[in-house]
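What follows is a short report on a single structure.
The values are calculated or read from the model by the stated rules, or taken from the named source; none is laboratory data. Bear in mind that the values here come from a model prediction, so they are computed numbers and not experimental data. With ideal geometry, Cβ positions are generated from the backbone for all residues, glycine too; neighbour counts draw on all protein chains shown. Accessible surface areas use protein heavy atoms only, side chains included; no ligands, DNA or RNA. Shrake-Rupley method; radii C 1.70, N 1.55, O 1.52, S 1.80 Å.
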Amino acid sequence: MAVLPGAEPFRRTGEPVGVLLCHGFTGSPQSMRPWAEYLADRGLTVSLPLLPGHGTRWQDMQLTTWRDWYATVERELRALRETCEQVFVFGLSMGGTLALRLAALHGDAVTGVVVVNPANRLHGFAPKLVPLVRFLLPSTPGIADDIAKEGAHELGYSRTPLHAVHSFTELLKRVDGELPQVTQPLLLLHSRVDHVVSPKDSARVLGRVSSLDVTETVLERSYHVATLDHDAEQIFEDSYAFVRRLSGSEGADGRADGAQEEATRGGA
C-alpha cells in the first residue's frame, strides 16, 4: 500500500549528534516533520521513521502490534549509534512512550529524552471493553487533528483500529513498569488542554522516572498535536537548546557542511 503524500519518513545526515523522532498512534511523520527539519537545518543528524501500519490506511494498522512499532524505532536508534557520538530520542504522544522505552532499555546509548504529551495509560471505562469489542467492531472514530491553531492539520487516520488499540494498551502497561529505569536528562512538554492524552499521564511519567535532570514545560496555547500548534516554535527551540547543552557543542549556522537529505519513500 502506497504511503500517503506527506507521511513519508525523513532522514538527513549532519554532525555526529543525532536525534531520533517518534510519531504518535495512528499519526505519521507529517506531525513531526517541521520539528525534524528545524533540527536538521541546524546541523544535527536526524531520523524520523514511519511506524509500521501508519501513513497508509487504518486497516493496515490492524495487522501490526506495539512490537512492530518499537522494533522500528529501536532499529533506527542502532543505526544512528553507528555514525553518531551521541543520540537523543524525541517523541509525541505514543512516540513519547516509545522514546521512554528506548531510554529505559538502552541506557547510555541514549544521551537525553524529549517528550511532548507522552501517553501513559488510556483513561475511562471504554478502554476496558476493547479486549472483547475489538472482535465485534473493527474501528472507532479517529483521534487526529486535536490542534488549536486555525488552519493546521494532522495527517492521521480517520478511524482508530481497535486491535491496534489493544496492543497499544499492552505497550503502555509495559513502559509504565520500565519508567524507573529512565535515568537520562528529560525535557517533558505537555499541553494544559489536551483532548487525546490526559495531562495526568505527564504527571505519572515525571513521578516515576529516575532522571535527576528534569525540565517540565506547560504549553498554554496548544492541544494534543503541539508540534503543529501555536507552541511548536517553543518546542523546537527548547529541544534544540536541550541537545546543545548536553552535547556541549556549538550550533551550526544553517545546514551542516556536507549534509544531505535521504528521504525514504515507499510502502509500509
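Descriptive notes on the structure:
- In the chain, the longest principal axis of the Cα atoms and the axis of helix 162-178 are about 50 degrees apart.
- Among 169-175, 15-21, 210-216, the order from most to least packed when residues are scored by Cβ within 10 Å on average: 15-21, 169-175, 210-216
- On a per residue basis, the convex hull of the C-alpha atoms belonging to the chain measures out at 113 Å³.
- Extreme residue, positive dipole direction of the chain, given options Gly248, Ala119, Thr215 (C-beta unit charges): Ala119
- Here segment 1-117 is treated as a sphere whose radius is the Kirkwood value from Cα pairs; by Stokes-Einstein at 4 °C and 1.567 mPa s it diffuses with a coefficient of 93 µm²/s.
- Dipole size of segment 1-135 about its Cα centre, with +1 on Lys/Arg Cβ and -1 on Asp/Glu Cβ: approximately 480 debye, rounded to the nearest 20.
- Candidate lysines for bridging to Lys173, where Cα separation is under 21 Å - those fewer than 8 sequence places away on the same chain excluded: Lys128, Lys200
- Our Cα-only numbers for segment 72-175 put the radius of gyration and Dmax at 16.2, 49 Å.
- Of the residues Leu186, Thr140, Val225, the one whose Cα sits farthest towards the positive end of the charge dipole of segment 133-257 is Thr140 (charges of +1 on Lys and Arg Cβ, -1 on Asp and Glu Cβ, taken about the Cα centre).
- Placing +1 on the Cβ of every Lys and Arg and -1 on the Cβ of every Asp and Glu, with no other charges, gives the chain a dipole of roughly 1040 debye about its Cα centre.
- Segment 69-184: antiparallel DSSP beta bridges as a percent of all, rounded to 5: 40 percent
- Placing +1 on each Lys and Arg Cβ and -1 on each Asp and Glu Cβ, with no other charges, gives segment 150-252 a dipole about its Cα centre of roughly 440 debye.
- Accessible surface for the chain, divided over its residues, is 42 Å² per residue with a 1.4 Å probe.
- Here segment 138-256 is described by how far its Cα atoms reach on the three principal axes: 50, 38, 28 Å, from widest to narrowest.
- Here the peptides 187-193, 100-106, 198-204 are ranked by packing, the mean other Cβ count within 10 Å, and the order with the highest first is 100-106, 187-193, 198-204.
- Cα gyration tensor, segment 1-59 - rounded (a/c under 1.5), prolate or oblate: prolate
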